1. Just checking, does region 140-150 include any residue being modelled with pLDDT of 75 or more and either acidic (Asp, Glu) or in a loop (DSSP other than H, G, I, E, B) (or both)?
2. Residue check: is THR62 in a loop (DSSP other than H, G, I, E, B), at pLDDT below 60 and surrounded by 12 or more Cβ atoms within 10 Å (Cβ to Cβ)?
3. Restricting to helices (runs of 4 or more DSSP H) lying wholly in region 242-359: which have 1 or more residues that are crowded, with 18+ Cβ neighbours inside 10 Å and in the same structural domain as VAL228 (by TED's automatic domain parsing)?
Amino acid sequence: MICPHCLETIDDDCTVCPNCGGLTSSGSTVGFVFCDGCGARLSPHDRTCPKCGRPAPGILSTEASASDLAAGRTASFPKLTVDAIETERPQPNASAQSVLSDSLDPSATTVIPVAADEKHPDPYHRGFKLSRGMVAAILTVAIIAGGTYFVTQDPLNVMPGFYEWVRVSAREAFPSRQLPDSGAATEDDASEDDGQSADGDDAGVLTDSTLSDAEALNRLERLYDEVVSFTDEDELGDVIDTFNGAYLRSDRSTRETAAKTAYNLRDKVQDIIDELDDMKLADGSAYTEDLDHVHQLAEWMYERVDVICRCWDISLEYDGGSELREHQNDILQPLREAGSTARELFDQYASSWAPREHS
């Protein structure tokens, strides 16, 4: 039959389901039994409470009271019957020989379940997994390494063309800052070396370029006069006036023509500085200090002209029109950065540093 409570299959002669403890007879009224001590629900066939161990209410004598049960006292226990003694008789303990005989059956075989070989994840050692940060770091290192290899090794042979493009762009953007052509300079140097070698072969000796005191004085006076003449003859003033009147002209060709006056004056001052650098005085010459003074005056003059040339460089970067006036502050930025220190120092020492004859 099927238990009406738990739907388990049980014997037909069972009145109490051994699985759920419910009564299987349909005609009887189901009554619940509860422990008087802890209130736990008991099965009809339970003799003691499985929770607190107290005897079930049905097996106590009628003289038992709730107060005795609550206090842990019982008036009497059920009397032993023959059936109870038979059911409660202990079973004999199994001997070691019988256990070994049953477990070591030579005809029995055992197989390890397949599930036992399945690998389960270790909760204490998680598998290695790349995070997003590690992936980004690896990609960054790979890109940097690839770029470095491309630039240094040049596998596609594109770097020479790139370098040439940079040189051409710099030459077009800043024509005044370009050095003379190296090829022409090399040819000039070679011709000078050939001429000097020929003269040396004819003379048989090398010429000493050290200047005497008289020669040093004459050259210093000449170079000093040239430096001072840039301000006395107002050549520097013409450069400044030309810049103020033309650096915002919309016509680019007009600005290029006006800028040549500043570039030419800067080249003149640079030639004077180069000549002063090439002067060799005798050891202990009295004009060493004069040489330093004239050289310093030339450097201050170069700074005054160079700042205007740098302003011209920025002005010539723009084609003209309204765009040029929008960048007026950028064009005049070199003047603001340079200030008036070079002009003030030049005016302060120009007259007192004039070369004079020393006895």
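The values are calculated or read from the model by the stated rules, or taken from the named source; none is laboratory data. Since the structure is predicted, the reported quantities are computational estimates derived from the model, not experimental observations. Using ideal geometry, Cβ is built from the backbone for each residue, glycine included, and neighbour counts are taken over all protein chains shown.
1. To start, the set of residues in region 140-150 that are modelled with pLDDT of 75 or more comprises 140-150.
This time we only want the ones that are either acidic (Asp, Glu) or in a loop (DSSP other than H, G, I, E, B) (or both), so: none.
Among the residues of region 140-150, not one is modelled with pLDDT of 75 or more and either acidic (Asp, Glu) or in a loop (DSSP other than H, G, I, E, B) (or both), which makes the answer no.
2. Details: in a loop (DSSP other than H, G, I, E, B): yes; at pLDDT below 60: yes; surrounded by 12 or more Cβ atoms within 10 Å (Cβ to Cβ): no.
Against the criterion (in a loop (DSSP other than H, G, I, E, B), at pLDDT below 60 and surrounded by 12 or more Cβ atoms within 10 Å (Cβ to Cβ)), THR62 does not qualify.
3. Values: elements: 252-278, 288-315, 322-326, 328-331, 333-338, 341-349.
Correct list: 252-278, 288-315, 322-326, 328-331, 341-349.
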